[in-house]
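Structure record follows, encoded as structure tokens.
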Amino acid sequence: MTTVDVTMPTRARNMLASEWIKLRSVRSTYLVLLFAAAAAVGIGYLVAHADATHWATMTAAKKAAFDPVSDSFAGLGLTQLAFGALGVLVISSEYGTGLIRTTFAAAPQRRAVIAAKAAVVGVVTLLAGELIAFATFFTGQWALAAQHLNVTLAHPGALRGVLAAGFYLAVMAWVGLGLGAVIRHTAGAITVMTAVVFLLPTIIHALPAPWDTRIGRLTLDGGAQQMIAQHPHAGYFSAGPSSLVVATYAVAAIASAALVITHRDA
């Protein structure tokens, strides 16, 4: 009994260390995170700067609907795709190279492997996501300050929106990890992820009212927009329930991976 108590934590630490070495030893990790940061900060600044420049010519309706927090995160579309792709690569690359057989031989408990990958990916992407989110927010507000449209983190909903943006990027990595484990093919998993994040909301938005809103608020993209926005749109869930919707996608993806991976060959 004592042996088991000592061995299990040791195995867990070894698995976490192994996954951390895998993640940080490949160049793609750094390239993807660099691209994600550049897209978020760069596009966010350009959009905020353009809105500040054209503020005087905007209609009253657009000015009333203007959200300085969401405006800063205009580049989140490419960034979320990059984080999702990183999650996919964490496991699909092992299937592609055959390294997954070695991984499972060293750690026969496959669900433990998924748990270790999810833990390491979650910590890394959450930290990176929050850093990118804060950098994006401050850069966007700097651009909006030209027309005194900027807000600070002390404004209602601002800090919550920034933290939610970083959390959402981690969720995208978890979703990518889950899809990569289920599909076992990099291009296929990224294609499905892109369809879920971009194509599905477009189709739902084309539905007649009120179904576009009722279904749209349950999508990953719809939930993310509402939890990041300073003022969520009418008809959608508020920030709290929207966060639960987004988190559900991550839980479902990892749970599906854990279920599927134990019922098939490597």
For the chain, averaging the sequence separation of alpha carbon pairs under 8 Å that lie six or more residues apart and dividing by its residue count, the contact order in percent is 24 percent
Result for the chain: accessible area per residue, probe 1.4 angstrom, in square angstrom, of 49 Å²
Diffusion coefficient in µm²/s returned for region 171-266 by Stokes-Einstein, Kirkwood Rh over C-alpha pairs, 4 °C and 1.567 mPa s, is 91 µm²/s
So the carbon and sulfur contribution to the accessible area of the chain, 1.4 Å probe, in percent, is 70 percent
Dividing the helical contributions, -39500 (n - 2.57) per DSSP H run of n ≥ 4, by the residues of the chain yields a 222 nm value, nearest 500 deg cm²/dmol, of -25500 deg cm²/dmol
Note on region 154-266: contact order normalised by length, alpha-carbon pairs under 8 Å, 6 or more apart, percent, works out to 35 percent
Which of [x] 18.7; [y] 19.6; [z] 22.2 is the computed Kirkwood radius over Cα pairs in Å? It is [y]
For region 1-123 the mean separation of alpha carbon contacts under 8 Å (6+ apart) over residue count, i.e. relative contact order in percent, is 37 percent
Measuring from its Cα centre, region 1-113 shows a charge dipole (+1 at each Lys and Arg Cβ, -1 at each Asp and Glu Cβ) which, in debye to the nearest 20, is 420 debye
A correct Karplus calculation of ³J(HN,Hα) over region 229-237, with 6.51 cos²θ - 1.76 cosθ + 1.60, θ = phi - 60°, whole Hz and x for Gly and Pro, returns 4, 5, 10, x, 5, 5, x, 9, 5
Applying the span-like rule to the chain (DSSP H, Cα extent along axis at least 30 Å, Kyte-Doolittle mean at least -0.5) gives 2-24, 27-53, 76-97, 110-144, 158-183, 239-261
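The values are calculated or read from the model by the stated rules, or taken from the named source; none is laboratory data. Quick caveat, the model's predicted, so the values are computed rather than measured. For neighbour counting, all protein chains shown are included, and Cβ atoms are generated from backbone atoms with ideal geometry for every residue, glycine included. Ligands, DNA and RNA are excluded from the accessible area calculation, which covers all protein heavy atoms including side chains. Shrake-Rupley method; radii C 1.70, N 1.55, O 1.52, S 1.80 Å.
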